[in-house]
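Structure first, then comments.
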Amino acid sequence: MGKKNTSEQKSDSIENANGEDIVEISSDSASLNNEDETVESEKVEEPEKVEEPEKDPIEILQDDLKKKDDEIAELKHEFLLNKAETENFKKRLRKEKEDFNQYANEKLLRELILIHENFERAISTDNPTVESLKEGVEMIHKQFQSFLEKEKVESIEALGKKFDPALHEVLCQVESEEHEENTITEEFSKGYQLNGRILRPSKVVIAKAPTKKTPETSDKEESKVSEEESSKVPPPSSD
């Protein structure tokens with residue numbers, strides 16, 4: 001027994017001359033073994049990668065073709081929807097335009113009907129006098145004038161103004177020493193404009209400079225006048 005204990009003690013430690021342990025061999029080796037077992041247990045085997053089999057090129061092309069067919073079908077559906085919406089929009093615009101053309105003058109016609117009724121009342125008056133007819137016409141004229149002003153219709157000033165081809169229409173030219181050339185001396189019919197846009201130009205007569213007489217023309221005119229006067233003189237009587 002004494003020898004066995006002695007051998008176990010030698011295996012556990014190495015003592016120096018003073019009887020102190022230098023290295024504990026048995027405990028260190030046990031701890032190293034435990035660490036190795038832990039590392040080995042923590043190691044996880046990586047799964048082997050399974051390579052997928054390569055697809056047949058024909059199958060790849062067929063898949064791509066199917067995707068394209070689906071995209072085309074979707075685009076065709078969107079195109080048909082947009083086309084239908086466009087057609088409906090055109091029909092709606094056409095209908096609105098027709099309604100506008102039919103009823104655009106509705107407001108103006110209401111005003112004109114009132115003026116027409118006043119004309120009928122003036123005509124249907126029993127035993128009208130000239131004075132009463134004149135008063136009725138003046139009232140209707142004022143009513144019509146207010147109607148034009150309400151609709152922004154204005155008359156174009158012409159008399160005494162310079163001729164403007166955008167506003168006036170020349171009927172003829174008259175020589176005048178009293179007016180400058182291209183001055184409007186007479187107005188046959190008034191012109192009107194709507195918000196600055198010409199409805200009808202004024203029909204006018206404008207002045208032009210008189211022609212200058214030369215000595216030759218003046219002599220010819222004098223001789224012509226003398227001939228006319230001599231022709232008017234009665235011949236002497238035979239008595």
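Do any trypsin sites (Lys or Arg not before Pro) in region 125-212 lie in a loop, going by DSSP, with at most 15 other beta-carbon atoms within 10 Å of their beta carbon, and if so which? In loop regions of region 125-212 (DSSP not H, G, I, E or B), the sparsely surrounded trypsin sites (Lys or Arg not before Pro) are Lys152, Lys190, Lys212. Only one residue of Ala209, Ala158, Asn195 has its Cα farthest out toward the positive end of the dipole of region 154-212, where Lys and Arg carry +1 and Asp and Glu -1 on Cβ, and that residue is Asn195. Structural descriptor for region 117-189: relative contact order 27 percent, calculated from alpha carbon pairs under 8 angstrom and at least 6 residues apart.
Can you compute the charge dipole magnitude of region 154-212 about its Cα centre, using +1 on each Lys and Arg Cβ and -1 on each Asp and Glu Cβ, nothing else charged? Give it in debye, rounded to the nearest 20. Write out the running numbers ahead of the final one.
On the way: 8 positive and 11 negative charges, 57 e Å.
Around 280 debye, computed over region 154-212.
Every read-out reported here was derived from the displayed coordinates using simple, explicitly stated rules and does not represent laboratory data. Keep in mind it's a predicted model, so treat the numbers as computed, not measured. So basically every Cβ, Gly included, is an ideal-geometry build from the backbone, and we count neighbours across all protein chains shown.
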